[in-house]
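Quick notes on the structure that follows.
The values are calculated or read from the model by the stated rules, or taken from the named source; none is laboratory data. These figures come from a predicted structure and were not determined experimentally. Every residue, glycine among them, receives a Cβ derived from its backbone with ideal geometry; neighbour counts consider all protein chains shown.
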Amino acid sequence: MFESLSDRLGGVFDRLRGRGALTEADVRQAMREVRIALLEADVALPVARQFVDKATEAAIGQNVLRSVTPGQQVVKIVNDALVEMLGGDDAEAAELKLDVAPPAVVMMVGLQGSGKTTTTAKIARRLSKGSITGRATKKVLMASLDVNRPNAQEQLATLGTQVEVATLPIVAGQQPVDIARRAMQAAKLQGFDVLMLDTAGRLHVDQALMDEMKAVAEVATPNEILLVVDSLTGQDAVNVAQNFSEQVPLTGVVLTRMDGDARGGAALSMRAVTGKPIKFAGVGEKMDALEAFQPSRVAGRILG
Ligand code: GDP
């Protein structure tokens, strides 16, 4: 993944590494190329600009020009700036906050086709197996509030059977807010630790969708609201994140299809645009294809 960004930066850095002394103009030239590489990888323009300004300042401020290995130092500065941009190595920020009086509620939001239902089941599976940051196993209930897409509720039930996680029985014709209420009640009465709500998507962000999200959030008072975005959609993913984060109090982001050849821009912009950590990366269609998001690893892959 991230091929074009990685190749492009690789070229810049190879030239820098091969050089002895660097001038300030060399550093600025390299950073201009970094900026172009970021834009080509679909990083949002203000984010790319901010990144390059910060990295340039760090490079010039840290006396790389007088160093014996200036090229390597610039590479390290860019690496550090990438890690920071991807959320830093604050492992705690990436954890789900579920240590509340049960049931903890995790609400999944996002556009149709982003991988929301799949990710709901993947996270539920990990929680029920205790494999999210080595925590104790959780008793998880999943409920689909997606009454728009035909068979969405059945799809979640099927995945539930597959990952051995309970799903709320389907009541035909019931509306999202009422399903959320019923799910809360069931989770409380039946002693579930975590309730995962898979909300309805839309093809595009629209006000009806946002109003529905807000109404559900009011009823379910979620501890986590995770936005699921498809990393392959580049700049579009960034716009979606911007829209959702302005209207719904997100606590984190999940990037799906990181197994595809995403150019990495979506990942890079996500934190800057939402101000929220990327918590997980989807890396395939299978139920175990979900990873905790690790900024330093992704930065390493970007730099090649
Ligand atoms: P929803 O409409 O947002 O609920 O999307 P779905 O969960 O139904 O996912 C749409 C398609 O994307 C399905 O075929 C999933 O198997 C696939 N998918 C979801 N996440 C990933 C991922 O991380 N990698 C890959 N390769 N496919 C994924």
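Every residue in segment 253-280 that is of a type in the set (Gly, Ala, Ser) and either surrounded by fewer than 18 Cβ atoms within 10 Å (Cβ to Cβ) or within 16 Å of the ligand (Cβ to nearest atom) (or both), please.
260, 262, 264, 266, 267, 275
Being within 16 Å of the ligand (Cβ to nearest atom), closer than 20 Å to residue 182 by Cβ and crowded, with 24+ Cβ neighbours inside 10 Å is the filter here; which residues of segment 122-150 pass it? Correct list: 124, 142, 143, 144, 145. When 240, 283, 228 are screened for being of a type outside the set (Lys, Arg), in contact with a helix residue (DSSP H, G or I) (Cβ under 6 Å, 6 or more places away or on another chain), over 22 Å from residue 37 (Cβ atoms) and within 16 Å of the ligand (Cβ to nearest atom), only 228 passes.
Step by step: first the residues of segment 151-186, then only those that are touching a residue at least 60 places away in the same chain (Cβ under 8 Å) and within 16 Å of the ligand (Cβ to nearest atom), then the one that is farthest from residue 219 (Cα to Cα). Which residue is that? Within segment 151-186, the match that is farthest from residue 219 (Cα to Cα) is 162.
Restricting attention to segment 85-121 and to residues that are more than 16 Å from the ligand (Cβ to nearest atom) and crowded, with 22+ Cβ neighbours inside 10 Å, the residue that is nearest to residue 53 (Cα to Cα) turns out to be 85. Do we have residue 244 as crowded, with 18+ Cβ neighbours inside 10 Å, among the aromatic types (Phe, Trp, Tyr), modelled with pLDDT of 85 or more and under 18 Å from residue 113 (Cβ atoms) here? For residue 244, the condition - crowded, with 18+ Cβ neighbours inside 10 Å, among the aromatic types (Phe, Trp, Tyr), modelled with pLDDT of 85 or more and under 18 Å from residue 113 (Cβ atoms) - is met.
Restricting attention to segment 193-221, the residues that are buried (at least 17 other Cβ atoms within 10 Å of the Cβ), under 19 Å from residue 153 (Cβ atoms) and small (Gly, Ala, Ser) add up to 3.
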